[in-house]
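Colleague: I'd like to ask some things about the structure below.
The values are calculated or read from the model by the stated rules, or taken from the named source; none is laboratory data. Computed from a predicted model, the values in this text were never measured in an experiment. Here the Cβ is made from the backbone with ideal geometry for all residues, glycine too, and neighbour counts use every protein chain on show. Protein only, heavy atoms only, side chains kept; ligands, DNA and RNA dropped before computing areas. Shrake-Rupley method; radii C 1.70, N 1.55, O 1.52, S 1.80 Å.
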Amino acid sequence: MIEEAPLLRAQNVTRLYGGRVGCRDISFSLWPGEVLGVVGESGSGKTTLLRSLAGFEPPDEGAIHFRHGTEEHDIYALDEASRRAMMRTEWGMVHQNPRDGLRLDVSAGGNIGESLMARGDRHYGKMRARITDWLQRVEIDSSRIDDSPQSFSGGMQQRLQIARVLVAEPRLVFMDEPTGGLDVSVQARLLDLLRVLVRDLHLAAIIVTHDLAVARLLTDRLIVMKDGHIIEEGLTDQILDDPHHAYTQLLTSAVLSA
Amino acid sequence: MITMLEACGLRKTFTLHNQNGVVLNVLDHVDLDLAAGEMVVLKGPSGAGKSTLLRILYGNYKPVAGAVRLRHDGEMVDIVGARTSRVLDIRRRTLSFVSQFLRVIPRVATLDIVKDQMLTRGIGDAEATERAAAMLTRLNLPEQMWGLAPATFSGGEQQRVNIARSFVAPTPLLLLDEPTASLDPVNRDVVVELIETTRKAGSAMVGIFHDDAVSSRIATRVMQLSPRKAV
């Protein structure tokens, strides 16, 4: 059941913004099929870290290793083309704002089809069938296939973005506040959808969120960040129920329960 | 006699950093051995650390000292300090925690909640559905409720959904935190029967039950805990 080598290893990752620390000296490993949450208040370096891990911004120090088959690659030591190819086929990014992850001038079906074409699919009939299947999986009526995502609600756009990312069958998905900005009922639906997809596709994921309830429902393990550092790390329910660090205790005690 | 769990030298303190750094000393030098087919009931006044001990055994609380070794895949594994993916694998196949509260994603239907663990463990959909249906029926939850999310159910109904999910395909080790707390007598008896059947089938259990009638019916052994003083 357990694969013994990590899928991704971050080693002393540091990213500075003109002397100001984005994140400093971050090290951890992610195993296949594991869902890791990164929590902490705004400005604690969560998104900076995610962008470095996902291949968008090289760290100033440290390295990120990704395992492909039996080989481990330092993703920023690869040439640009190889890194891009890896980003396209091995992992995906779900942005907080679906408009950053979708092509708004392309139809809903086209948004999903582009991902398939990017990994080399050319058979139109098969692609159409997969697109329809994915629209259903993310609970978008397949009659909307030719509609522009601009005519979709925020929740539908977010689900379309998830379909666009997951149709490519990545092994690792990065998510930045995937339920941020959605109303509560839409959030619950999206959470359930993500939970089922992660289980069925055996995905590994790194999810940045400031919502501890989302972290509890979706993640296996948590990293708590403050001022660019990891201050506490462990099993999600252990961190939330038995926090050891003063800041984590403050964070968990500040949650309002409905 | 097959040892399923051995906990030794458990010590647990809580440091409340945001409340003047108060240190609560909850458990000190606690040992517990548990064999297959046993039900150890934890006794002691409120604050004696019964729930804390149960949560340490589950890997939910981190002890300051001590080890919790449990039988997983034929070998004894220490859950304290084990890698996350290891702990999760243990929880998926070997160890479960049954509380009186149901914690689920808001809109998931009752039947799907009960099936979920079975699907995760690779049991086919048809079999999972059949077993879930039988268990819900046994716990007197009528079929009209199966398609609904339990958010609108009564406390006792939610509790039974939780029990259904835990006992439909029970793990070799079960930790029970007041699973019969707010049930009516009829359903309490069903649950007591379920616990008995599961234990006799070979599962090992540690439980907290405030109802003495229930605990004397199901306990094969009692473990007494006494409260500690603040340091």
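Colleague: Looking at the P(r) of the range A:54-197, how many percent of alpha-carbon pairs lie beyond 20 Å?
Modeller: On the way: 5131 of 10296 pairs.
So the pairs more than 20 Å apart make up 50 percent of the total in the range A:54-197.
Colleague: Also, I was wondering about something else. Assuming R0 = 25 Å, what is the FRET efficiency of A:Y124 and A:S82, from their Cβ-Cβ distance, to the nearest 0.05?
Modeller: Details: r = 29 Å, r/R0 = 1.16.
Efficiency computed from Cβ-Cβ geometry: 0.30.
Colleague: Kirkwood hydrodynamic radius for the range A:124-238: how many Å is it when counted over pairs of different Cα atoms? List each step's numbers first, then the result.
Modeller: Working: mean 1/r = 0.0645 Å⁻¹.
This gives a value of 15.5 Å.
Colleague: Quick one: 3J(HN,Hα) in Hz for the range A:193-203, Karplus 6.51/-1.76/1.60 with θ = phi - 60°, rounded, Gly and Pro as x.
Modeller: 4, 4, 4, 5, 5, 4, 5, 5, 9, 6, 7
Colleague: If you don't mind, another one. Report the normalised scattering of the range B:4-80 as log10 I(q)/I(0) at q = 0.11, 0.21 Å⁻¹, calculated by the Debye formula with identical scatterers on the alpha carbons.
Modeller: -0.31, -0.96
Colleague: If you don't mind, there's one more thing I want to ask. Do any residues of the range A:1-32 lose at least 50 Å² of accessible area when the full set of protein chains is present rather than just their chain alone, and if so which, with a 1.4 Å probe?
Modeller: Residues meeting the cut-off: A:M1, A:I2, A:W31.
Colleague: Could I ask something else about it? Output the antiparallel fraction of DSSP beta bridges having both residues in chain B, as a percent to the nearest 5.
Modeller: Working: 19 of 35 bridges.
Counting only bridges with both partners in chain B, antiparallel ones make up about 55 percent.
Colleague: Also: Could you run the Karplus curve 6.51 cos²θ - 1.76 cosθ + 1.60 with θ = phi - 60° over the range B:210-225 and give me ³J(HN,Hα) per residue in whole Hz, x for Gly and Pro?
Modeller: Those phi angles translate into 7, 7, 4, 4, 5, 5, 6, 6, 10, 6, 9, 7, 10, 10, 9, 10 Hz.
Colleague: What ranking do B:180-188, A:66-74 get when scored by the average of other Cβ atoms within 10 Å per residue, highest first?
Modeller: Working: B:180-188: 15.3, A:66-74: 13.1.
My ranking of the peptides, most packed first, is B:180-188, A:66-74.
Colleague: If you don't mind, there's one more thing I want to ask. Can you tell me the alpha carbon radius of gyration of the range A:1-118 divided by the globular rule-of-thumb value 2.2 N^0.38 Å? Can you show the working numbers first?
Modeller: Numbers: Rg = 15.7 Å, N = 118, 2.2 N^0.38 = 13.5 Å.
For the range A:1-118, the normalised Cα radius of gyration is 1.16.
Colleague: I've got another one for you. For the range B:28-118, what is one quarter of the convex hull surface built on the Cα atoms, given in nm²? Walk me through the numbers before you get to the answer.
Modeller: Values: hull surface 31.0 nm².
So the mean shadow area of the Cα hull is 7.8 nm².
Colleague: Oh, and also: If you take each beta carbon of peptide B:6-15 and count the beta carbons of other chains within 10 angstrom, what is the mean?
Modeller: Mean shielding by partner chains, rounded to a whole number: 1.
Colleague: Taking just the alpha-carbon atoms of the range A:114-186, what radius of gyration and Dmax come out, in angstrom?
Modeller: Considering the range A:114-186 through its Cα atoms, Rg and Dmax are 13.0, 39 Å.
Colleague: Ordering B:K43, B:K200 from largest to smallest accessible area (1.4 angstrom probe), what's the sequence?
Modeller: Numbers: B:K43 40, B:K200 150 Å².
The ordering from most to least exposed comes out as B:K200, B:K43.
Colleague: Then there is this: What fraction of the DSSP beta bridges in chain A is antiparallel, stated in percent and rounded to the nearest 5?
Modeller: 55
Colleague: Please report the antiparallel percentage of DSSP beta bridges with both residues in the range A:163-258, rounded to the nearest 5.
Modeller: Numbers: 6 of 11 bridges.
Percentage antiparallel, nearest 5: 55.
Colleague: Calculate the radius of gyration of the Cα atoms of the range A:212-255 to one decimal place, then report Dmax, the largest Cα-Cα distance, as a whole number, both in Å.
Modeller: When restricted to the Cα atoms of the range A:212-255, Rg and Dmax are 9.5, 25 Å.
Colleague: Search the structure for amide H atoms under 5 Å from the amide H of A:V38, placed 1.01 Å from N in the peptide plane, and list their residues when 5 or more places away or on another chain.
Modeller: A:I207, A:V208, A:T209, A:I223
Colleague: Output the Kirkwood hydrodynamic radius of the range B:59-159, Cα pairs only, in Å rounded to one decimal. Present the calculation step by step, with values, prior to reporting the outcome.
Modeller: Details: mean 1/r = 0.0637 Å⁻¹.
After inverting the mean inverse Cα-Cα distance, the result is 15.7 Å.
Colleague: Per the Kirkwood formula on distinct C-alpha pairs, the Rh of the range B:102-146 is how many angstrom? Show your work: numbers first, answer last.
Modeller: Numbers: mean 1/r = 0.0921 Å⁻¹.
Averaging 1/r across every pair of different Cα atoms and inverting gives 10.9 Å.
Colleague: What's the magnitude of the charge dipole for the range B:1-79 around its Cα centre, counting Lys and Arg as +1 and Asp and Glu as -1 at the beta-carbon? Answer in Debye, nearest 20.
Modeller: 380
Colleague: Project the alpha carbons of the range B:103-184 onto their principal axes and report the range along each, largest first, in whole Å.
Modeller: 32, 30, 24
Colleague: No solvent, one uniform scatterer per C-alpha: report log10 I(q)/I(0) for chain A via the Debye equation at q = 0.17 1/Å, two decimals.
Modeller: -1.38
Colleague: Can you list the equivalent-ellipsoid semi-axes of the range A:173-258, largest first and in whole Å, using the square root of 5 times each Cα gyration tensor eigenvalue? Numbers along the way, then the final one.
Modeller: Working: eigenvalues 100, 49, 28 Å².
So the three semi-axes of the range A:173-258 are 22, 16, 12 Å.
Colleague: Right, something else. Can you run phi through the Karplus equation (6.51, -1.76, 1.60; θ = phi - 60°) for the range A:170-175 and list ³J(HN,Hα) in whole Hz, with x for Gly and Pro?
Modeller: Result, ordered by residue: x, 8, 9, 10, 9, 10 Hz.
Colleague: How much of the calculated P(r) for chain B lies past 24 Å, in percent of all Cα pairs? Kindly include the intermediate steps, with their values, before the conclusion.
Modeller: Working: 12339 of 26565 pairs.
The calculated P(r) of chain B puts 46 percent of pairs beyond 24 Å.
Colleague: Using only alpha carbon positions, build the gyration tensor of the range A:1-57, then give the equivalent ellipsoid semi-axes as the square roots of 5 times its eigenvalues, largest first, whole angstrom. Spell out each step's value before the answer.
Modeller: Working: eigenvalues 116, 29, 16 Å².
So the equivalent ellipsoid measures 24, 12, 9 Å along its semi-axes.
Colleague: Please name which of B:S154, B:L34, B:A109 has its Cα lying farthest along the dipole of chain B towards the positive end, using unit charges on Cβ (Lys, Arg +1; Asp, Glu -1) and the Cα centre as origin.
Modeller: B:L34
Colleague: Still on this model: Leaving ligands, DNA and RNA out of it, report the carbon-plus-sulfur percent of the accessible area of the protein assembly as shown at a 1.4 Å probe. Show your work: numbers first, answer last.
Modeller: Numbers: 10650 of 21390 Å².
Roughly 50 percent of what the probe reaches on the protein assembly as shown is carbon or sulfur.
Colleague: Largest first and in whole Å, what are the equivalent-ellipsoid semi-axes of the protein assembly as shown based on the Cα gyration tensor, each being the root of 5 times an eigenvalue?
Modeller: Values: eigenvalues 332, 165, 81 Å².
They are 41, 29, 20 Å, listed largest first.
Colleague: Now a separate question. Between the alpha-carbon centers of the range B:168-194 and the range B:92-113, tell me the distance in whole angstrom.
Modeller: Using only Cα atoms to place each centre, the spacing works out to 14 Å.
Colleague: Taking the dipole about the Cα centre of the range A:125-258, with the C-beta of Lys and Arg at +1 and of Asp and Glu at -1, give me whichever of A:F152, A:V173, A:I223 is farthest to the positive side.
Modeller: Among A:F152, A:V173, A:I223, the one farthest towards the positive end of the dipole of the range A:125-258 is A:F152.
Colleague: Residues with amide H under 5 Å of B:A204's amide H, sequence separation 5 or more or different chain, H placed in the peptide plane at 1.01 Å from N; which?
Modeller: Correct list: B:G37, B:L173, B:L174.
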